[in-house]
């Protein structure tokens, strides 16, 4: 069943903080729920409760607001991943902890798929959304690559690509099947791929 649009912003909780914080919060809520190009700038401004000039003075354009929205998601993911890895000790455990942490986050949120996949699918090559998504994916690959290298993988780059492929597949399946439990199987596959690469 299709998720309801967040069109009735008057019924949503008021946003707080600086104009920048409110604009980012509104963009995150609306862009993620409905799409970065479906949502017009006026809806973001209305939801944030700021003047139109505040958006352009702060971000300059809608494209730059989209970039900031994705960069904010990137920072939040970095924090979750770092916190998850800090709880365990070995590189293998850290890889599995990433999958577990992302599953827990998706289950606790109104999961509508990977924000970066969604945004890049809507956007032209070279756009702010694609650039921000590319930066996010390179960071994620680098995390997997570094963990593989620490564990003595013969080809850390290849392992990183395999782990990212497993992660991407889990995120897509969780969205399409509306079932985040697929991350349990993804975690098992990630462990097998890690073991094969570091044997």
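The values are calculated or read from the model by the stated rules, or taken from the named source; none is laboratory data. Predicted model only: the values in this text are computed from it and were never measured. Cβ: placed from backbone, ideal geometry, glycine included. Neighbour counts: every protein chain shown.
Observations, loosely collected:
- Some residue of the range 143-159 being under 17 Å from the mean Cα position of the chain (by Cα) and either over 25 Å from residue 64 (Cα atoms) or in contact (Cβ under 8 Å) with a residue 24 or more places away in the chain (or both): yes
Table: residues versus (1) touching a strand residue (DSSP E or B) at 6+ places or on another chain (Cβ under 6 Å); (2) in a helix (DSSP H, G or I); (3) more than 22 Å from residue 196 (Cβ to Cβ).
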residue	(1), (2), (3)
75	no, yes, yes
80	no, yes, yes
94	no, yes, no
97	no, yes, no
106	no, yes, yes
132	no, yes, yes
153	no, no, no
167	no, yes, no
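- The condition of being surrounded by 14 or more Cβ atoms within 10 Å (Cβ to Cβ) and more than 19 Å from residue 91 (Cβ to Cβ) holds for only one of 151, 171, that being 171.
- Residues being modelled with pLDDT of 95 or more and assigned to a loop (DSSP other than H, G, I, E, B) are represented in the range 155-164 by at least one member.
- Pairing residues of the range 103-124 that are not assigned by TED's automatic domain parsing to the domain that holds residue 183 with residues that are at pLDDT 95 or above, at Cβ distances under 8 Å and at least 6 apart in sequence or on separate chains, gives no pairs at all.
- The range 75-121, residues that are within 19 Å of residue 145 (Cα to Cα), surrounded by 18 or more Cβ atoms within 10 Å (Cβ to Cβ) and within 14 Å of the chain's Cα centre (by Cα): 77, 81, 98, 99, 101, 102
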